[in-house]
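Before any comments, here is the structure.
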There are 2 protein chains.
Amino acid sequence: MGVRAGIVVTGTEVLTGRVRDLNGPWLAEELRRLGVDVGQVVVVGDRPDDLRTALEFLAAGNDLVITSGGLGPTADDLTAAVVAQVQGRAPRLDQALEQRIAAIVARLSARFGGVRHPEASAIATRKQAMVPDGADVLEPTGTAPGLVVPVAVGRVGPPVVVLPGPPWELQRMWPAALANAVVRKVIADVPELRQHTLRLWGVPESDLAATLRRLDSELAGLEITTCLRDGELEVVTRYPAEAEPGLWHLVDAVGADFPEQLFSADGAEVDELVARALSDRGWSVAVVEAATGGAVSARLTARSGQVVGGLVVTSITSITSVGSVGSVGAAGAVAMAERARAEFGADVGVGVTAVAEESVHLAVVTPTGERSRTVVAGGAVDMVRGRIGPAVLHLLREALTRSVRPG
Amino acid sequence: MGVRAGIVVTGTEVLTGRVRDLNGPWLAEELRRLGVDVGQVVVVGDRPDDLRTALEFLAAGNDLVITSGGLGPTADDLTAAVVAQVQGRAPRLDQALEQRIAAIVARLSARFGGVRHPEASAIATRKQAMVPDGADVLEPTGTAPGLVVPVAVGRVGPPVVVLPGPPWELQRMWPAALANAVVRKVIADVPELRQHTLRLWGVPESDLAATLRRLDSELAGLEITTCLRDGELEVVTRYPAEAEPGLWHLVDAVGADFPEQLFSADGAEVDELVARALSDRGWSVAVVEAATGGAVSARLTARSGQVVGGLVVTSITSITSVGSVGSVGAAGAVAMAERARAEFGADVGVGVTAVAEESVHLAVVTPTGERSRTVVAGGAVDMVRGRIGPAVLHLLREALTRSVRPG
């Protein structure tokens, strides 16, 4: 199996979904690129017993264990102490580190008018400077230091890399973790594990399964996973370099079986393809949207520099005033797309409207034609937006990359 | 410790972050309300060995194990088979179930013009009708059935509840899982574990830690976790009914130490407070935003029915044409907020602008005054939006709920 790593993400706020875990997936992907295989991520609340059993579980099947979070100044931040215990190393105060952390805290506090509670701040700093004996310190990228903690002499187990919870702190500390001698020893000379992604629009999983079954023996050495969401089917293949011929069999066969539906053979997301197509044609785009309340504009502006404006309308009155009165439904969406072009002087207009309860009408008007579609999307606001977003992006993609009938 | 449950979330797409896990947090929260304690969620890729060790790990410390995902028709969907093996039960074809699934698939396919690949569809249906011998079937809410799988006779271990991966299917199946006799036996008579949330804006974690240390002995029986993100400090307390007096000590002390910063003593989120304040005053709101590209409008419209419009501007030209030429920076944000009021006939206007690289200027203008603020928010587009969103909402909250100086 090569080198394997396990990840522990700590924090009751993550366990209960109040905060989305960005660290587990980020670390899994970074490790995959290095050729290190991650099979399990354990999310634990802020309880020492649960963290300890999670560390012991992952130690049994992995060459490296990485933790994120639990390094803050409050009593529920207990990762360093539990890792010290599991690795059989006593915690000790690193006084030089304490001074470096104090200097960081002083500098940060200065921005906000100085330390408000010096005593509370000193206690917090001291807690963050408690380090398992024999561990290497990774310099703080926020206020908390990271740690590389080998198992105690005479015992057997993988080293544990302790990283902070805030994603940008963790990501900035990662290069130092990889440069650490203990970590380098584990991941040296690991052969790279590659990854390739195909994306299809409008294909049921069972149809793809038939293609995969037919190819079966030609796919040796590939690890293929599929995932369907909001109409997009994502096919991800992980493979060692020597299995690459199998990957190309797969790409060819999926392209032959689903020529219209395979919209991305190189993993590019629909947002990126739309941004590229707009940029290649030098076309600007603008949006007039009801039903999605700004979410379509937000999605387009996040990836494309070609957006020149957006208008969010929320009432029947404003929707019908944007189109002509009475032109609701599919015709209303086209009227809104035309209005988007006129209002912002854009080459491409996008209209999203919903007057009936369950149906959302989408339209794209370009200099060379128009396309429209109706999506059935009842339910909670997040679910409606989750379905309409991809539908709008794919309608745009089709309008920009295929021949369109004259408008 | 009472009754404990462990959760396994399957899917390489979740492990690697291509899909956000909504099921682990949702199940953890549902179980908490029932008084069942969840300490660990394990995310595993689509590999039988990793799933098996995760199930064995959770079986050791829990009274109930719940899985989500891996019930689809492709070969990487292997949960039912692995659970059968771990629980010591042989898989068998449930022919009546196979017919029910086939009927569902036929009905779904009819909407899209009929089954395109009948043979592929039949194989997929048969796979989904393979059930561990002695398990109870939970009727499909999509196409996949759920399962309740007790451990084989003569062996020791918790029952495993197998649920589908798509969040709405899982959530619709959950009542049937709770009604199952095997599950009811585990969770009968569990005392409820309550939860209370405080939210503060602009308080460092170390200051709150000082308050918690001072109260220490008065907080017996409370499990308190804190989480700081984007300037909001969330304090979540989980407690059994008899520890309620400690909770009120905590609420009083936090209110006394941070009277200005404690904006929610009952867990309500800032979005909800803004929506309520707008509704209470009968004020409509409109947004003109640069820098956030529609994200502020999208956030407001998702929770409030008082939004009458939004305008997304993206270029320096359109920003300065919205304000008066030259009035960029803080004054530009106020001009944009005024424009939002005028353009959409709104009572409250919100302006968000960024002309310099790092600084985003925010302004709120109400019928009785105005407030503005500058946020330093450099970095990737998601990070910028992540910081500005809360800042805008809190500026709105302050403008709507506090006395404001005349504009």
Output the number of the condition that B:T141 fails; it satisfies all remaining conditions of (1) in contact with a strand residue (DSSP E or B) (Cβ under 8 Å, 6 or more places away or on another chain); (2) open to solvent by less than 60 Å² (accessible area, probe 1.4 Å). (1)
Among (1) in a helix (DSSP H, G or I); (2) out of contact with any Pro (no Cβ under 8 Å at 6 or more places or on another chain); (3) at pLDDT 90 or above; (4) among the β-branched types (V, I, T), B:T67 falls short only on (1)
First in the stretch B:183-204 and part of a helix (DSSP H, G or I), second anywhere and modelled with pLDDT under 90 and open to solvent by 50 Å² or more (accessible area, probe 1.4 Å), Cβ under 7 Å, 6 or more apart: B:I187/B:L34
Please verify whether the stretch A:92-103 includes one or more residues that are within 13 Å of chain B (Cβ to nearest Cβ) and either buried (at least 16 other Cβ atoms within 10 Å of the Cβ) or small (G, A, S) (or both). yes
For the structure I just gave you, tell me whether A:S324 is open to solvent by 10 Å² or more (accessible area, probe 1.4 Å), out of contact with any Cys (no Cβ under 7 Å at 6 or more places or on another chain), modelled with pLDDT under 90 and within 23 Å of B:S284 (Cβ to Cβ). no
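Between A:E192, A:E205, A:E119, A:E169, which is modelled with pLDDT under 95, open to solvent by 30 Å² or more (accessible area, probe 1.4 Å) and touching a Ser or Thr at 6+ places or on another chain (Cβ under 7 Å)? Give the derivation first.
Numbers: A:E192 fails: touching a Ser or Thr at 6+ places or on another chain (Cβ under 7 Å); A:E119 fails: touching a Ser or Thr at 6+ places or on another chain (Cβ under 7 Å); A:E169 fails: open to solvent by 30 Å² or more (accessible area, probe 1.4 Å).
The conditions single out A:E205.
Right, A:R402: of a type outside the set (G, A, S), modelled with pLDDT under 80 and farther than 22 Å from B:G309 by Cβ or not?
Working: of a type outside the set (G, A, S): yes; modelled with pLDDT under 80: yes; farther than 22 Å from B:G309 by Cβ: yes.
The answer is yes for A:R402.
Is there a residue in the stretch A:367-381 that is at pLDDT 90 or above, outside any strand (DSSP E or B) and closer than 22 Å to A:V307 by Cβ? First the steps, then the outcome.
Residues of the stretch A:367-381 that are at pLDDT 90 or above, as a first pass: A:367-373.
Subset that is outside any strand (DSSP E or B): A:367-368.
Filter once more, keeping what is closer than 22 Å to A:V307 by Cβ: A:367-368.
Yes, some residue in the stretch A:367-381 is at pLDDT 90 or above, outside any strand (DSSP E or B) and closer than 22 Å to A:V307 by Cβ.
Look at B:T67 and say whether it is among the β-branched types (V, I, T), within 30 Å of the chain's Cα centre (by Cα) and within 19 Å of B:M173 (Cβ to Cβ).
On the way: among the β-branched types (V, I, T): yes; within 30 Å of the chain's Cα centre (by Cα): yes; within 19 Å of B:M173 (Cβ to Cβ): yes.
In short, yes.
Does B:D37 fit the bill of being surrounded by fewer than 20 Cβ atoms within 10 Å (Cβ to Cβ) and of a type outside the set (V, I, T)?
Numbers: surrounded by fewer than 20 Cβ atoms within 10 Å (Cβ to Cβ): no; of a type outside the set (V, I, T): yes.
No: the conditions fail for B:D37.
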Looking only at the stretch B:219-252, which residues are touching a Leu at 6+ places or on another chain (Cβ under 8 Å), modelled with pLDDT of 90 or more and charged (D, E, K, R)? B:E232, B:E234
Restricting to the stretch A:260-271, name every residue that is surrounded by 14 or more Cβ atoms within 10 Å (Cβ to Cβ) and charged (D, E, K, R). A:E269, A:D271
State all residues of the stretch B:86-110 that are under 23 Å from B:L27 (Cβ atoms) and not in a loop (DSSP other than H, G, I, E, B); if no residue qualifies, say none. B:V86
When A:S109 is evaluated against the numbered criteria (1) modelled with pLDDT under 95; (2) open to solvent by 50 Å² or more (accessible area, probe 1.4 Å), which criterion, by number, is the only one it fails? (2)
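Test of understanding: among A:G146, A:G154, which residue is among the small types (G, A, S) and free of Cβ contacts under 8 Å to residues at least 24 places away in the same chain?
Working: A:G146 fails: free of Cβ contacts under 8 Å to residues at least 24 places away in the same chain.
Only one candidate passes the filter, namely A:G154.
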Quick test of your reading of the structure: A:G231 fulfils all but one of (1) free of Cβ contacts under 8 Å to residues at least 12 places away in the same chain; (2) in contact with a Lys or Arg (Cβ under 9 Å, 6 or more places away or on another chain). Name the failing condition by number. (1)
Are there any pairs with C-beta distances below 6 angstrom linking a residue in the stretch B:277-306 that is without any contact (Cβ under 8 Å) to a residue 60 or more places away in the chain to a residue that is in a helix (DSSP H, G or I) and surrounded by fewer than 19 Cβ atoms within 10 Å (Cβ to Cβ), with the two at least 6 apart or on different chains, and if so which? B:A302/A:V381; B:R303/B:D271
Only one residue in A:G221, A:G246 is assigned to a loop (DSSP other than H, G, I, E, B), closer than 25 Å to B:V14 by Cα, without any contact (Cβ under 8 Å) to a residue 40 or more places away in the chain and among the small types (G, A, S), so which one is that? A:G221
Scan the stretch A:42-50 and tell me whether some residue there is open to solvent by 10 Å² or more (accessible area, probe 1.4 Å), within 19 Å of the chain's Cα centre (by Cα) and under 21 Å from B:A28 (Cβ atoms). yes
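Which ones in the stretch A:217-234 are at the interface with chain B (Cβ under 9 Å from one of its Cβ atoms) and more than 19 Å from A:P390 (Cβ to Cβ)? Show your work before the answer.
Filtering the stretch A:217-234 for residues at the interface with chain B (Cβ under 9 Å from one of its Cβ atoms) gives A:223-229, A:234.
A:E223, A:I224, A:T225, listed by residue number.
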Residues that are open to solvent by 30 Å² or more (accessible area, probe 1.4 Å) and of a type in the set (S, T, Y), drawn from the stretch A:212-259: A:S217
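Yes/no matrix, rows are residues, columns are (1) in a loop (DSSP other than H, G, I, E, B); (2) among the hydrophobic types (A, V, I, L, M, F, W, C):
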position: A:P73; (1), (2): yes, no
position: A:A80; (1), (2): no, yes
position: A:L147; (1), (2): no, yes
position: A:A152; (1), (2): yes, yes
Of all residues in the stretch A:339-366, which are within 20 Å of A:V308 (Cα to Cα), surrounded by fewer than 20 Cβ atoms within 10 Å (Cβ to Cβ) and at pLDDT below 95? A:A342, A:E343, A:G345
State the number of residues belonging to the stretch A:51-73 that are surrounded by fewer than 24 Cβ atoms within 10 Å (Cβ to Cβ) and facing chain B (nearest Cβ under 7 Å). 2
May I ask you to list the residues in the stretch A:10-28 that are open to solvent by less than 40 Å² (accessible area, probe 1.4 Å) and either at the interface with chain B (Cβ under 9 Å from one of its Cβ atoms) or farther than 16 Å from A:L163 by Cα (or both)? A:G11, A:T12, A:E13, A:V14, A:L15, A:T16, A:G17, A:V19, A:D21, A:G24, A:P25, A:A28
Inside the stretch B:21-63, can you point out the residues that are free of Cβ contacts under 8 Å to residues at least 60 places away in the same chain, among the β-branched types (V, I, T) and not in a strand (DSSP E or B)? B:T53
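Which is within 28 Å of the chain's Cα centre (by Cα) and open to solvent by 20 Å² or more (accessible area, probe 1.4 Å), of B:V182, B:V186?
On the way: B:V182 fails: within 28 Å of the chain's Cα centre (by Cα).
When all the criteria are applied, what remains is B:V186.
The values are calculated or read from the model by the stated rules, or taken from the named source; none is laboratory data. Because the structure is a prediction, the values reported are computed rather than measured. No Cβ is skipped: glycine too gets one built from the backbone with ideal geometry, and neighbour counts run over all protein chains shown. Note: areas computed on protein heavy atoms with side chains; ligands, DNA, RNA excluded. Shrake-Rupley method; radii C 1.70, N 1.55, O 1.52, S 1.80 Å.
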